[in-house]
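Accompanying notes for the structure given below.
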Amino acid sequence: MPISREALPPDSQAATGSSSAALDPAIGRLLKQGFGRDFTIFDGTSGELLHKAADQPELDWGMRVELCRQVARRNRPEFIDDENPFLVLALPLESPDGTSRVATAMFVSRPVGLDEDISPAAEQLHLKPEEALDWAVRQPPWPADVLERMANLTLEQEARRQRIEELEEETESLSVHLASTYEEISLLYRLTQNLKLSMSDEDLGRVALEWLEEVVPAQGMAIQLVPLEADEETSGQGVRTKSVLLTFGQCPVDNEQFSQLIERLGQRLELCGANRPLVANRSITREDSWPCPEVRQMIAVPLAEGENVFGHLAAFNHRDGGEFGTVEASLLSSVGAILGIHSGNIELYRQQSELLAGMIRALSSAIDAKDPYTCGHSDRVARVAVRLAEEMSCDAKMVETIYLSGLLHDIGKIGIDDNVLRKPGKLTDEEYEHIKRHSEIGYKILMDLKKLDEVLPVVLHHHESWDGGGYPHQLPSEDIPFSARIVAVADAFDAMSSDRPYRKGMPDENIDSIFRSGAGKQWDPTVVDALFRARDDIRQIARGEHHDTDIGLQKCV
Ligand SMILES: [Fe+2]
Ligand SMILES: [Fe+2]
């Protein structure tokens, strides 16, 4: 790059002031390293003198300001004075932020002797000849071409230094971004690991708040879960009827205030899209009409799944007094989406369970309608069987299965001829064979209902006998599914104890005696033992006096 030696007219603008902080120290070091001296620095735009170099002759910089600005505009090194042996070099230095500086310094282009007369050159530069000579003899000579090469090398090195600095900044910012992305992904992964239908939305919400606290710089966090729109019949069966506020850290609002804030922000949310996060910073919370002065910063996101909004997640008050930004908004949105999907799934599951419970009620009623003589039989068998299962220390899941099995064990009677089913007297062999088919018919009715898989063994095998003489498969002893053995005892107990239009229920002593002699023959003796142990409770159930079986249909399915 050639260095221009064109002479330019001096500028009338006077340079003023000086600042030691005018130049990046790294550039100061670079110039010192390359040229072995301090440089005078000007602002390349305004021409302001920012730093005056030490150990340089007193040049009239006011005259050279415009020259420096022109060097800045042309953005290449130039000699702005050339009076043999003096050379004044100007270097344009542009910072990455766009600010422009010009560094200038005087050199001698050849060795100067003590007895040399340099007065003409000194006068041209408005320097006192004695001082100029005194300075010049102490200077190492810098031929113009060497200065030119050094100037270009220095600028190249500075460009490289700036590029390295930029890359370091980019790396730093990328690393911060990666760290926050990693935290976000790790949090979302942990949350999704907890997305089991068995975990309630409140429990998952508490877990989410606890984990969010690790990555969101908020003083407090909260989740408000709102009531679901359920119909009258289902309310009270695990459906939330009041909003619930879960909090973590220093949450500055209560449930009611949370609702107020969401309502107020709702208008703004509508403006920017219902499912988008809302960041309320100081410019909003400082407004006179802001309802909660304790809330200085806030982000709120809906817990939404499609059109359904199950509540809101919010972070309150930045820990360092700053403002929440897109990183926090994005993280909260992701967590809000997961919580929303979880709530949606729970609701969907509840609706399906409700549907299935309704269907089981309908089936159970259909059996009663078909066989009015045994009205209430299925319900009583279910309750007695539950009491037996509890007596035998079955787990909750097994107890639920036994309850449903009791309700549906005779579902196959739907396919039995009414005349046979309702015949009050003794059945013929043929009629008995026909009625025996109800266990297999029941199995076929329910076999395609995946949710009732565990009920099928009872429906099919509740008439098997411990000695292998039952039906339909003549299974012996422990080959009979355990749940079927329990329901078989409950079924027999109700058949003996309940009144029928054509006969009264048997006295307790007779029933006891039949079970005693049938234990180990018709029935599993361990189940019969359980029947005797829980006899008082079971008699109450049989008489319809026992209503505290806490197995709800909906809970079971
Ligand atoms: Fe049956
Ligand atoms: Fe039955």
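Numbers for the structure displayed
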item: Estimated [θ] at 222 nm from DSSP helical runs (n ≥ 4, -39500 (n - 2.57)) normalised by residues in the chain, nearest 500; result: -15500 deg cm²/dmol
item: Relative compactness, the chain, computed as alpha-carbon Rg over 2.2 N^0.38 Å; result: 1.90
item: Full-stretch length increase - GLU123, SER180 - with 0.36 nm per residue and alpha-carbon distance subtracted; result: 14.0 nm
item: GLU156-ARG500 pseudo-label distance in nm [points 7 Å out on the Cα-to-Cβ vector]; result: 11.1 nm
item: Dimensionless Rg over Rh [the range 371-556; C-alpha; Kirkwood]; result: 0.93
item: For the range 173-224: span of alpha carbons on each principal axis (Å, largest first); result: 40, 25, 12
item: Euclidean distance between Cα centres, the range 383-410 to the range 110-158, Å; result: 107 Å
item: Between 0 and 90°, nearest 10: helix 201-215 axis offset from the chain longest Cα axis; result: 20 degrees
item: Difference of contour (0.36 nm per residue) and Cα-Cα distance, TYR432 to VAL137; result: 92.8 nm
item: Computed label-point distance, nm, for sites ALA362 and LEU195 using a 7 Å Cα→Cβ extension; result: 3.2 nm
item: Cα gyration tensor category, rounded, prolate or oblate, for the range 117-263 with a/c compared to 1.5; result: prolate
item: Cα long-axis angle, helix 396-408 against the chain (0 to 90 degrees, to the nearest 10); result: 50 degrees
item: Where labels lie 7 Å past Cα in the beta-carbon direction, separation of SER173 and ASP512 in nm; result: 8.8 nm
item: Sorted peptide list for 504-511, 240-247, criterion being average Cβ within 10 angstrom, highest first; result: 240-247, 504-511
item: Calculated on alpha-carbon atoms, Rg and Dmax of the range 25-164 in Å; result: 14.8, 49
item: Residue exposure sequence - CYS68, CYS375, CYS251 - by fewest surrounding Cβ within 10 Å; result: CYS375, CYS251, CYS68
item: Binned Cα-Cα distances of the range 440-522, short to long, each 5 Å bin given as a whole percent; result: 3, 14, 21, 20, 17, 14, 8, 3, 0
item: In degrees, nearest ten, helix 326-370 long axis to first principal axis of the chain (Cα); result: 10 degrees
item: Globularity ratio of the range 67-139, using Cα Rg and 2.2 N^0.38 Å; result: 1.30
item: Footprinting exposure proxy for THR181, THR374, THR171 (fewest neighbouring C-beta atoms within 10 Å first); result: THR171, THR181, THR374
item: Added length on full extension, which subtracts the Cα-Cα distance from 0.36 nm per residue, GLU294 to ASN419; result: 37.3 nm
item: Nearest-0.05 FRET efficiency for ASN308 and GLU213, computed from C-beta distance (R0 25 Å); result: 0.40
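FYI, it's all coordinate maths here, none of it is from the lab. All figures in this text were calculated on a predicted structure; none of them were measured in a lab. FYI the Cβ positions are ideal-geometry reconstructions off the backbone, even for glycines, and counts take in every protein chain you see.
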